[in-house]
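Some notes on the structure that comes next.
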Amino acid sequence: MKFGGRISDHHRTNDNARNNDLNTLAAIDGVSPAELIAQANQQCRVPFTTTSYMRGMGTNITRWATFDNDCLFRTFTGSDDALPTPTDGRDPSDIDVRERIYAAYAMANFETEMGSVPVSGNVGLRWVKTDITSKGFRQPYILTIESGGDTYSVDVDPNGDLVSNTARGSYNYFLPSANIAFDLSQQVKLRLAAYRAIARSGIESFGAGINLNPSEGTGTGNIIFDATTGNPNLKPLRAWNLDASLELYASQDTLVSIASYYKWAKGTVISAEEAIPTDITVTTIRDGGAPATETITISPVAPSNDDETRHLYGVEATASHAFTWLPDPLDGLGIQGSVNRAFANFEYPDTSPIADYVDPANLIGLSKWTASGSVWFEKWGLSLRANLRYRSGYYKPNGGTNREIRGGTYLNLSAQYDLTKNVQLKLQALNVTGTNDIMYKGGYDSIAEVSRSGTQYFFGVRVRL
């Protein structure tokens, strides 16, 4: 038996508005903006950082103008000390979230027999409780109404004071698990697992600030406050999981296995939203008359948990063999390969203007097909490995558009050598094939970005003391 517990406190803050900007160039000591730009162009240039940019791509664009940012700042503002950060950087977009997490678990290991079949494994139960306190700010607003044109506008009140806003949330779950292995024979083993798991949303989803976007419209009888906020009461993604694998140890050097998995997930944050009523201060100016300040209740839109149960399942096959039966030095060779096919029914809708013409995207980062193969050599303290990896296209969100990454094949090489018992040399070459990451939006031929990292080389020394 094993058991234990833990209490942890996590405090995360993000001060988004503690900065200062110069949006329009102004003359400095009699030097006009046009002259400042000319000075920056002459005095702040630095060499382009890459010598192989777009090489072999059939274009004569091989470099871009590059500048020293500190030099640009001094030239356009007049000194290194210009544009000090504001003393009060509070803003509705700030994040101030504290999580208090309580956890306890108990686990029991066992070994027994079912008839003549040895059985071993463990069963356990984990309890997790999380309390969330989120602090944010609300701005006061000015509502301007023109009755004659039946129009209105909503803007931030520049003379108003920020008001703090505190929201809370909590959840607790029991998470059982069981892992069982059946030794069907000396060569065949069956493994089964069942468990429940949770994963919370990103911390930015819990913000308590009220962002009311300046807006205007018609119909003063139905004024719309375009407001958004976070949701500290979001529940985590909850999933029940079943795993199974059948393993054949044909010899000490050969393994063949096939595995399957199925996950029932609920509580994803995809496109569900809910309104969270909150009070804000609004100063109304009707037809140029006297301002009237009052507190009204609005319902900012916040992210919400999806009620549907989503499914993720798949199958994976793996095989490996070490050629120890070959004559020296070939007995140090080995191979390994695996292939996975995944299925899911997650649906992330596109929120851009092309939403009506494209299908919803599936689970973020999920490739339907992944495969890898490795060849290695290990002998005399030397280890050499070549790995070829393939993954089909997958979803990677970007600015409200369902950006997809095309499938690609990548070759990675690695070597390490033990100089002594305590000193080891390492060398890696990643993406030897120079495969590009091609991103597209809307249609397969609608390329949005091509990321070309080229081959990367790493060398290291590890010393064990």
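The values are calculated or read from the model by the stated rules, or taken from the named source; none is laboratory data. Computed from a prediction, not measured in an experiment: that's the story for all the values here. No Cβ is skipped: glycine too gets one built from the backbone with ideal geometry, and neighbour counts run over all protein chains shown.
Residues are listed down the side, and each one gets a yes or a no for (1) in contact with a strand residue (DSSP E or B) (Cβ under 7 Å, 6 or more places away or on another chain); (2) closer than 30 Å to GLU146 by Cα; (3) touching a residue at least 12 places away in the same chain (Cβ under 8 Å):
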| position | (1), (2), (3) |
| --- | --- |
| VAL269 | yes, no, yes |
| THR281 | yes, yes, yes |
| ARG286 | yes, yes, yes |
| ILE298 | yes, yes, yes |
| THR318 | yes, no, yes |
| ALA322 | yes, no, yes |
| ASP350 | yes, no, yes |
| PRO353 | no, no, no |
| GLY373 | yes, no, yes |
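Can you tell me which residues in segment 345-364 are outside any loop (DSSP other than H, G, I, E, B), more than 20 Å from the chain's Cα centre (by Cα) and closer than 22 Å to GLU308 by Cβ? Show your work before the answer.
Here is the first cut: in segment 345-364, the residues outside any loop (DSSP other than H, G, I, E, B) are 348, 355-357, 361, 364.
So of that shortlist, the ones also more than 20 Å from the chain's Cα centre (by Cα) come out as 355-357.
If the condition is that a residue be outside any loop (DSSP other than H, G, I, E, B), more than 20 Å from the chain's Cα centre (by Cα) and closer than 22 Å to GLU308 by Cβ, then ALA355, ASP356 are the ones that fit.
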Check: Can you tell which of ALA239, ALA227 is surrounded by 13 or more Cβ atoms within 10 Å (Cβ to Cβ), of a type in the set (A, V, I, L, M), modelled with pLDDT of 95 or more and in the same structural domain as MET114 (by TED's automatic domain parsing)?
Finding: ALA239
Check: If you go through segment 137-152 one residue at a time, how many are part of a strand (DSSP E or B), over 36 Å from the mean Cα position of the chain (by Cα) and of a type in the set (Ser, Thr, Tyr)?
Finding: 3
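In segment 8-45, which residues are in contact (Cβ under 8 Å) with a residue 60 or more places away in the chain and of a type in the set (S, T, N, Q)?
From segment 8-45, those in contact (Cβ under 8 Å) with a residue 60 or more places away in the chain are 8-22; that's our starting set.
Matches in segment 8-45: SER8, THR13, ASN14, ASN16, ASN19, ASN20.
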Next item on the list: Give me a count of the residues in segment 194-224 that are closer than 30 Å to TRP264 by Cα, in contact (Cβ under 8 Å) with a residue 60 or more places away in the chain and surrounded by fewer than 16 Cβ atoms within 10 Å (Cβ to Cβ).
Entry: 1
Check: Does ALA108 fit the bill of being assigned by TED's automatic domain parsing to the domain that holds ILE296, more than 29 Å from the chain's Cα centre (by Cα) and part of a strand (DSSP E or B)?
Finding: yes
Check: Do we have any residue at all in segment 439-446 that's assigned to a loop (DSSP other than H, G, I, E, B), free of Cβ contacts under 8 Å to residues at least 12 places away in the same chain and in contact with a strand residue (DSSP E or B) (Cβ under 6 Å, 6 or more places away or on another chain)?
Finding: yes
Notebook entry, point to check: Yes or no: SER251 free of Cβ contacts under 8 Å to residues at least 24 places away in the same chain and more than 30 Å from ASN231 (Cβ to Cβ)?
Noted result: yes
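Between THR324, THR351, which is among the β-branched types (Val, Ile, Thr) and under 30 Å from ILE210 (Cβ atoms)? Please lay out each step first, then the result.
On the way: THR324 fails: under 30 Å from ILE210 (Cβ atoms).
Testing whether each residue is among the β-branched types (Val, Ile, Thr) and under 30 Å from ILE210 (Cβ atoms) leaves just THR351.
On the basis of being farther than 19 Å from ASN19 by Cα and of a type in the set (S, T, N, Q), does ASN69 make the cut?
Working: farther than 19 Å from ASN19 by Cα: no; of a type in the set (S, T, N, Q): yes.
No.
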Note to self: Out of everything in segment 365-388 that is buried (at least 16 other Cβ atoms within 10 Å of the Cβ) and either assigned by TED's automatic domain parsing to the domain that holds TYR313 or basic (Lys, Arg) (or both), what residue ends up being farthest from the chain's Cα centre (by Cα)?
What the structure shows: ARG385
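Got at least one residue in segment 163-183 being outside any strand (DSSP E or B) and either crowded, with 16+ Cβ neighbours inside 10 Å or in contact with a strand residue (DSSP E or B) (Cβ under 9 Å, 6 or more places away or on another chain) (or both)? Steps first, answer last, please.
Kept after step one, since they are outside any strand (DSSP E or B), are these residues of segment 163-183: none.
Within segment 163-183, none of the residues are outside any strand (DSSP E or B) and either crowded, with 16+ Cβ neighbours inside 10 Å or in contact with a strand residue (DSSP E or B) (Cβ under 9 Å, 6 or more places away or on another chain) (or both).
Is at least one residue of segment 117-128 in a strand (DSSP E or B), without any contact (Cβ under 8 Å) to a residue 40 or more places away in the chain, under 30 Å from LEU192 (Cα atoms) and more than 36 Å from the chain's Cα centre (by Cα)? First the steps, then the outcome.
The initial filter retains those residues of segment 117-128 that are in a strand (DSSP E or B), namely 117-128.
Now drop any that are not without any contact (Cβ under 8 Å) to a residue 40 or more places away in the chain, which leaves none.
No.
From the list ILE270, ILE298, pick out the single residue that is surrounded by 14 or more Cβ atoms within 10 Å (Cβ to Cβ), in the same structural domain as ALA250 (by TED's automatic domain parsing) and either more than 22 Å from the chain's Cα centre (by Cα) or more than 30 Å from THR370 (Cβ to Cβ) (or both). Don't jump to the end; show me each part of the working.
Numbers: ILE270 fails: either more than 22 Å from the chain's Cα centre (by Cα) or more than 30 Å from THR370 (Cβ to Cβ) (or both).
Only one candidate passes the filter, namely ILE298.
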Next item on the list: Test each condition in (1) assigned to a strand (DSSP E or B); (2) within 29 Å of the chain's Cα centre (by Cα) for PRO232 and report the one that comes out false.
Entry: (1)
Check: Which ones in segment 243-260 are of a type in the set (D, E, K, R) and part of a strand (DSSP E or B)?
Finding: ASP243, GLU247
Margin query: Going by what's in this entry, would THR62 be described as out of contact with any His (no Cβ under 9 Å at 6 or more places or on another chain), over 30 Å from PHE137 (Cα atoms), at pLDDT below 90 and not in a strand (DSSP E or B)?
Written below: yes
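Surrounded by 14 or more Cβ atoms within 10 Å (Cβ to Cβ), of a type outside the set (S, T, N, Q) and over 30 Å from ASP29 (Cβ atoms): is that true of GLU99 in this structure? Spell out the reasoning first.
Details: surrounded by 14 or more Cβ atoms within 10 Å (Cβ to Cβ): yes; of a type outside the set (S, T, N, Q): yes; over 30 Å from ASP29 (Cβ atoms): yes.
Yes, satisfied.
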